[in-house]
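Participant: I have a structure here, written as structure tokens, and I will follow up with some questions on it.
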Amino acid sequence: MFERPASGENAILVQLDFGDGDAAERQSEFELLAASAGARAQALVQGKRQAPDAATYAGKGKVAAIAAAARAHGADLVIFNHELSAAQQRNLEKELGCRVIDRPALILDIFALRAKSHEGKLQVELAQLQRLSTRLVRGWTHLERQKGGIGLRGPGETQLETDRRLLGKRVALLKERLKQLERQRAVQRRARTRRELLSVSLVGYTNAGKSTLFNALTKAGSYAADQLFATLDTTSRRLFLADAGPVVISDTVGFIRDLPHALVAAFQATLEETAGADLLLHVVDSSSPDRDQQIAAVGQVLAEIGAADVPQIVVWNKIDATAAAPGVERDEYGNISRVRLSAKSGAGLDLLRDALSQAAHAARSRADVVAADVA
């Protein structure tokens with residue numbers, strides 16, 4: 001496996017403003033993503049454009065500024081907070097004389113660093129290979145046009161065909177292994193269903209405090225840190241509620257805006273645990289000025305994985321950072337729709353437990369009605 005330098009790589013960060021708004025919040029998140037991957041940001045190059053340049057994304061003048069910054073700081077790497085085409089990436093590397101990666105590649109790299117379980121590592125590798133396969137088609141088509149030449153003449157496959165075939169074999173193998181693991185998880189889900197345990201999944205934007213809340217509720221001791229994507233592997237624990245009995249609660253991977261499609265596809269089996277839950281606890285960092293956009297990004301991913309219609313309770317976390325008081329808000333039917341709490345200090349956790357008890361009782365009542373109808 002590739003070993004990155006212990007001291008990190010010197011990087012130039014590039015963020016362009018296309019008039020989308022929230023530039024400051026996107027910059028802050030971008031800097032945290034780069035740091036999470038082990039990059040040492042030496043400079044941030046910014047600019048405004050109406051639309052991306054077809055050849056280099058940034059345009060000739062901005063590329064010259066990026067090159068000057070890279071030379072001045074001895075940069076090993078240039079990171080764009082945007083998705084680049086294979087051709088744009090190739091053209092930029094030629095112009096800048098150093099490696100260039102985009103936002104999807106950066107996120108995939110962080111996932112590769114964080115993956116600990118066997119399944120998590122398989123999922124990340126699958127996502128990386130699926131993204132690479134599209135780049136073989138779009139970025140290396142020049143190999144198909146070569147009819148020969150020194151070192152290229154003779155029978156057999158072109159290099160592109162060989163790479164495609166080997167990638168295809170590895171992708172097929174990874175998908176089969178992940179299917180086997182999903183079958184095991186499906187058996188576990190069916191067992192929980194037979195025991196009629198309420199299934200609760202924690203979802204939310206990365207670094208919203210899901211793992212801290214999970215630990216506070218279950219005393220599980222899962223890894224929690226003030227960093228992006230601290231948790232990749234789904235962890236499930238039983239939580240005993242004093243007046244409702246046991247429920248199963250699961251901590252899941254955090255979401256982020258512009259999550260690479262290959263990553264969503266690779267983690268589909270894990271994310272199906274969320275789609276199959278009876279209730280979602282949507283954890284929100286209430287102290288973030290970008291919280292509305294983060295809520296929208298989570299909603300977009302939930303829709304993509306088929307979990308948009310699963311009932312939700314919004315957990316307004318980190319009230320210790322906003323001086324807000326613990327409390328609950330109810331919908332028009334009298335059901336708790338939002339709980340304000342601090343997973344870190346524990347303030348308001350009793351309110352969330354009450355909300356979970358109500359949800360468990362309601363779910364059992366619905367199950368009893370269904371059973372009576374069937375009988």
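Participant: Go through 201, 236, 222, 211 for me and flag whichever is more than 25 Å from residue 287 (Cβ to Cβ) and either among the small types (Gly, Ala, Ser) or modelled with pLDDT under 85 (or both).
Facilitator: Numbers: 201 fails: more than 25 Å from residue 287 (Cβ to Cβ); 222 fails: more than 25 Å from residue 287 (Cβ to Cβ); 211 fails: more than 25 Å from residue 287 (Cβ to Cβ).
None of the other options fit; the residue is 236.
Participant: Also: Taking the residues in the range 258-277 that are surrounded by fewer than 19 Cβ atoms within 10 Å (Cβ to Cβ) and at pLDDT 75 or above as candidates, determine which candidate is farthest from residue 108 (Cα to Cα).
Facilitator: 276
Participant: Hey, another quick one. Going residue by residue through the range 133-150, is there one that turns out to be open to solvent by 40 Å² or more (accessible area, probe 1.4 Å), modelled with pLDDT of 80 or more and either outside any helix (DSSP H, G or I) or not acidic (Asp, Glu) (or both)?
Facilitator: No, the conditions are met nowhere in the range 133-150.
Participant: Identify all residues within the range 313-338 that are open to solvent by less than 50 Å² (accessible area, probe 1.4 Å) and part of a strand (DSSP E or B); write none if there are none.
Facilitator: Correct list: 313, 314, 315, 316, 317, 327, 336, 337.
Participant: Right, another one. Which of (1) under 30 Å from residue 31 (Cβ atoms); (2) at pLDDT 90 or above does residue 249 not meet, given it meets every other one?
Facilitator: Against the list (1) under 30 Å from residue 31 (Cβ atoms); (2) at pLDDT 90 or above, residue 249 comes up short only on (1).
Participant: Right, something else. Which condition number in (1) free of Cβ contacts under 8 Å to residues at least 24 places away in the same chain; (2) touching a Leu at 6+ places or on another chain (Cβ under 8 Å) is the one that residue 64 fails?
Facilitator: Every condition holds for residue 64 apart from (2).
Participant: Go through (1) closer than 17 Å to residue 206 by Cα; (2) free of Cβ contacts under 8 Å to residues at least 40 places away in the same chain and name the single condition residue 284 misses.
Facilitator: (2)
Participant: Can you tell me how many residues within the range 294-303 are crowded, with 17+ Cβ neighbours inside 10 Å and of a type outside the set (Val, Ile, Thr)?
Facilitator: 3
Participant: Under 9 Å between Cβ atoms, which residue pairs at least 6 apart in sequence (or on different chains) link something in the range 31-42 that is without any contact (Cβ under 8 Å) to a residue 24 or more places away in the chain with a partner that is in a loop (DSSP other than H, G, I, E, B) and open to solvent by 20 Å² or more (accessible area, probe 1.4 Å)?
Facilitator: Final answer for the pair search is 35/227.
Participant: Please return the ranges of strands (runs of 3 or more DSSP E) entirely within the range 1-101 where 1 or more residues are crowded, with 16+ Cβ neighbours inside 10 Å and touching a Pro at 6+ places or on another chain (Cβ under 7 Å). So that I can check it myself, show each step before the final result.
Facilitator: Details: elements: 9-17, 39-48, 77-80, 99-101.
Passing ranges: none, list empty.
The values are calculated or read from the model by the stated rules, or taken from the named source; none is laboratory data. Just so it is clear, the structure is predicted and the values come from calculations on it, not from any experiment. When we count neighbours, we look across all protein chains shown, and the Cβ atoms used for this are built from the backbone with ideal geometry, even at glycine. Quick note on the areas: whole protein, heavy atoms, side chains included, nothing else; ligands and nucleic acids left out. Shrake-Rupley method; radii C 1.70, N 1.55, O 1.52, S 1.80 Å.
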